[in-house]
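Below you'll find the structure, written out as structure tokens, and then a few comments.
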Amino acid sequence: MSLTFIAPPLQQINSKIARHADVDLYVLRLDLMHPWVNGNKWFKLKYNLFEAKEKNFTTLLTFGGAYSNHIYATAAAGNLFGFRTIGVIRGEERLPLNPTLSFAVQQGMQLVYLKRQMYRQRNTPALEEYLRQRFGEVFIIPEGGSNLNGVRGCTEIIADAMPTAVYAYAFDHICVACGTATTLAGIALSLHQGQRAIAFPVLKNGAFLAQEIESLLTNYLASDLPSPYSSPPSWELICDYHFGGYAKVNNDLLVFSQQFREEHGVPLDYVYTAKMFYGVMDLLKQGFFSKGNSLLLVHTGGLQGNIGMEERLQRF
């Protein structure tokens, strides 16, 4: 498995919809950084891995669902960087393992299953203590890498991942899919005056994430971790493109994803990026963005999840 990470390409989208709206549209292809540890997952894991190494931990423990991109990436990253990994999976074991969990096991991850009621306590000191008693001294990474280390890594998505420094100033709006809000918080912290981060929650009733974002931003700015700016950044939630909730899809989304890939050569994952891209294109049709604006859509990877999603869809 390669340790080599490449700089994510910046791809312009030559879309009739964008041209009609007089908006420049670009995609930051984080999905191409590495075959297995890519997208926002690498940025959320990066400083957690550094801290674990600095504190001489040999085992990483984290949480996720059966199709979790985070579980997939943590298993691969652990294998790459010499950590033992434990994945605490929500729900009951189901055999045969789906492609996500099969890959995790192949990377050396030990899978542990928790019933959903107990899994809901994953962020409590009581459950963390239970897990440490069971598995010894483990470095615990929250579900989705959603901690201040994760935010810190995501401050580098725009600032350090762009091909040249000038591009960091070139976009009026940076758009990203939103699950735990960690990526949005990090991106927002890195933006310059006049830029705005726009997040598209993939969960139903995603407005509650505003409180999560404020909490992440407040705690990060109050920490000793490096921040480009000390003032609150500009961000916005658009909650109208969840398609029924987390991991929910319909035919419109499937057709859109297929057409977008055929027209622009950009594959989208159904759970996150497809919903954000669909939302952006729909807003362009509505004239939501000002003429002359330049938009950057952050492709957060997660394409491995399409295999399991397509298998599930074929059963219905």
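The values are calculated or read from the model by the stated rules, or taken from the named source; none is laboratory data. Owing to the predicted nature of the structure, the values given are computational and were not obtained by experimental measurement. Please note: Cβ atoms are built from the backbone with ideal geometry, for glycine as well, and neighbour counts cover all protein chains shown. Side chains are part of the model used for accessible areas, which takes the heavy atoms of the whole protein and leaves out ligands, DNA and RNA. Shrake-Rupley method; radii C 1.70, N 1.55, O 1.52, S 1.80 Å.
Conditions (1) polar (S, T, N, Q); (2) in contact with a Pro (Cβ under 9 Å, 6 or more places away or on another chain); (3) free of Cβ contacts under 8 Å to residues at least 24 places away in the same chain, marked per residue:
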{"residue": "Thr58", "(1), (2), (3)": "yes, no, no"}
{"residue": "Gly64", "(1), (2), (3)": "no, no, no"}
{"residue": "Ala76", "(1), (2), (3)": "no, yes, no"}
{"residue": "Leu80", "(1), (2), (3)": "no, no, no"}
{"residue": "Gln110", "(1), (2), (3)": "yes, no, no"}
{"residue": "Lys115", "(1), (2), (3)": "no, no, no"}
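Ala185 - would you say it is assigned to a helix (DSSP H, G or I), out of contact with any helix residue (DSSP H, G or I) (no Cβ under 8 Å at 6 or more places or on another chain), within 24 Å of Gly245 (Cα to Cα) and not aromatic (Phe, Trp, Tyr)? Criteria not met by Ala185. With respect to (1) in a loop (DSSP other than H, G, I, E, B); (2) open to solvent by less than 40 Å² (accessible area, probe 1.4 Å), the lone exception for Tyr67 is condition (2). Taken over region 183-202, the residue count meeting the criterion of being open to solvent by 70 Å² or more (accessible area, probe 1.4 Å) and either touching a residue at least 12 places away in the same chain (Cβ under 8 Å) or aromatic (Phe, Trp, Tyr) (or both) is 1. Within region 243-262, the residues that satisfy the criterion of being within 29 Å of Leu148 (Cα to Cα) and open to solvent by less than 40 Å² (accessible area, probe 1.4 Å) are Gly245, Ala247. Of everything listed in (1) modelled with pLDDT of 95 or more; (2) more than 23 Å from Leu148 (Cβ to Cβ); (3) out of contact with any Phe, Trp or Tyr (no Cβ under 6 Å at 6 or more places or on another chain), the single unmet condition for Leu45 is (2). The requirement of being assigned to a helix (DSSP H, G or I) and in contact (Cβ under 8 Å) with a residue 24 or more places away in the chain is satisfied by Leu101.
Table: residues versus (1) among the β-branched types (Val, Ile, Thr); (2) assigned to a loop (DSSP other than H, G, I, E, B); (3) crowded, with 17+ Cβ neighbours inside 10 Å.
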{"residue": "Asp31", "(1), (2), (3)": "no, no, yes"}
{"residue": "Lys41", "(1), (2), (3)": "no, no, yes"}
{"residue": "Lys46", "(1), (2), (3)": "no, no, yes"}
{"residue": "Leu61", "(1), (2), (3)": "no, no, yes"}
{"residue": "Ile71", "(1), (2), (3)": "yes, no, yes"}
{"residue": "Thr74", "(1), (2), (3)": "yes, no, yes"}
{"residue": "Asn79", "(1), (2), (3)": "no, no, yes"}
{"residue": "Gly108", "(1), (2), (3)": "no, yes, no"}
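Scanning region 227-242 for residues that are over 21 Å from Thr180 (Cα atoms) and either of a type outside the set (S, T, N, Q) or open to solvent by less than 80 Å² (accessible area, probe 1.4 Å) (or both) yields a count of 3. Annotation note: of Phe50, Phe57, the sole residue that is open to solvent by 10 Å² or more (accessible area, probe 1.4 Å), out of contact with any Gly (no Cβ under 9 Å at 6 or more places or on another chain), farther than 30 Å from Ser294 by Cβ and part of a helix (DSSP H, G or I) is Phe50. Look at Ile140 and say whether it is within 19 Å of Thr62 (Cα to Cα), among the hydrophobic types (A, V, I, L, M, F, W, C) and open to solvent by less than 30 Å² (accessible area, probe 1.4 Å). Answer is yes for this residue.
Taking the criterion of being within 22 Å of the chain's Cα centre (by Cα) and part of a loop (DSSP other than H, G, I, E, B), the residues of region 122-151 that qualify are Arg122, Asn123, Pro142, Ser146, Asn147.
Taking first residues from region 118-147 that are farther than 25 Å from Phe50 by Cβ and partners that are assigned to a helix (DSSP H, G or I), the Cβ contacts under 6 Å between residues at least 6 apart in sequence or on separate chains come to Gln121/Leu127. For region 205-226, the tally of residues that are exposed (fewer than 14 other Cβ atoms within 10 Å of the Cβ) and either touching a Lys or Arg at 6+ places or on another chain (Cβ under 8 Å) or not charged (D, E, K, R) (or both) stands at 9.
Condition check ((1) hydroxyl-bearing (Ser, Thr, Tyr); (2) more than 30 Å from Gln193 (Cα to Cα); (3) more than 21 Å from the chain's Cα centre (by Cα)) across all residues:
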position	(1), (2), (3)
Ala222	no, no, yes
Ile238	no, no, no
Tyr246	yes, yes, no
Phe256	no, yes, no
Phe260	no, yes, no
